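The values are calculated or read from the model by the stated rules, or taken from the named source; none is laboratory data. Because the structure is a prediction, the values reported are computed rather than measured. With ideal geometry, Cβ positions are generated from the backbone for all residues, glycine too; neighbour counts draw on all protein chains shown. Calculation scope for accessible area: heavy atoms of the full protein, side chains included, ligands and nucleic acids excluded. Shrake-Rupley method; radii C 1.70, N 1.55, O 1.52, S 1.80 Å.
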Amino acid sequence: MISIIIPAYNEESVIERTLRSVLAAIAHEPGEVIVVCNGCHDQTADRARMFGERVQVLELVQGSKTGALNAGDRAATGFPRFFLDADIEVSENAFSEVAKVLRGGTIHAAAPEMRCVTDGVSWPVRAFYQTWLNRPYHTQGHIGSGFVGLSEAGRSRFKEFSNIIADDEFVRRQFLPEERVVVDSAWFSIRTPKDLRSLIKVKTRSRLGTLQLHANYPELRKRAGAKAPLINDWTDWFRPSFWTFVFITIIVHCRAHQQWKKKQINHWERDESSR
């Protein structure tokens, strides 16, 4: 039996959609589903409980994603073990296909192919993701960004989830490239920010998380992978979407480094536009 852990902070608008998707998928790979509501002051827990005994709901007073991940992990009993964001959707074969790979013995971290839902977003946001998804970070065994599956041996690589922003990147870097894989026969989807301002906030938070990870765990920096060249091929020069990506990335890096210098790492810039 597999275990699925979903930390949730004020996700009443999306948790039912996520759980319907997850429960449809475990019909093909039986498992337990644990939703860990942390610091919620909305109806997230009540809406998760609407699914009855199929979903175990834990409630933590303090709002902390890593605290929720660790609480759910302690309550879980099965492997492979999956850690999901509360605002994604998965294909019906997502858990069965990834679990099959993780049970093979050589791959210890895996995720389905990530898809970005860009319906109704502004053109700069769409242009950004068009380029972002084709960068080597995503095309060369990317796991995380909302879904990660670990084998039992893989989960033993670290004691607990570290209390840092980049919890998914912390997990990814526990594994060498040959130990992690994207299973392209299955997928999960995320909904992107709808406007440029929300995108910049989300990506700033992500970049800030990377800076924090490098500072706290310098030994993991070497597992980030080879740094990709800015230009993949000469045709990038003629793509408006590429230059939109570059412009936004520069803004994000400057903003994140400024916040890092001011030690502004506790302010949570969450995207509300996609919820």
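Some notes on this structure:
- Helix content alone sets the calculated 222 nm mean residue ellipticity of the chain: runs of n ≥ 4 DSSP H residues at -39500 (n - 2.57) each, divided across all residues, give -11000 deg cm²/dmol.
- Here is the list for the range 85-176: trypsin sites (Lys or Arg not before Pro) lying in DSSP coil, each with at most 13 other C-beta atoms within 10 angstrom of its C-beta, are 103, 159.
- Average accessible surface for the range 75-117: 34 Å² per residue, computed with a 1.4 Å probe over protein heavy atoms with every protein chain in place.
- Only alpha carbons enter this Debye calculation for the range 27-75, each as an equal point scatterer, and the log10 of I(q)/I(0) it gives at q = 0.13, 0.20, 0.22, 0.32 Å⁻¹ is -0.30, -0.67, -0.78, -1.21.
- Among 78-88, 203-213, sorting by the average number of other beta carbon atoms lying within 10 angstrom of each residue, highest first, gives 78-88, 203-213.
- Compared with the dominant Cα axis of the chain, that is its longest principal axis, helix 240-261 is turned about 70°.
- Using alpha carbons only: equivalent-ellipsoid semi-axes of the range 26-136, gyration tensor based, whole Å: 26, 22, 14
- Relative contact order for the chain, counting Cα pairs under 8 Å that sit 6 or more residues apart, in percent: 20 percent
- Stretchable slack from residue 13 to residue 160, in nm (0.36 nm times residue separation minus alpha-carbon distance): 50.0 nm
- Added length on full extension, which subtracts the Cα-Cα distance from 0.36 nm per residue, residue 123 to residue 195: 25.1 nm
- Relative to its Kirkwood radius, the Cα radius of gyration of the chain gives an Rg/Rh of 0.95.
- Per-residue extension of 0.36 nm, minus the Cα-Cα distance of residue 27 and residue 247, leaves a gain of 74.8 nm for this segment.
- Cβ-placed point charges (K, R +1; D, E -1), dipole of the chain about Cα centre in debye, nearest 20: 1100 debye
- Table column - 3J(HN,Hα) (Hz), the range 59-65, Karplus curve with 6.51, -1.76, 1.60, x for Gly and Pro: 10, 10, 5, 7, x, 7, 5
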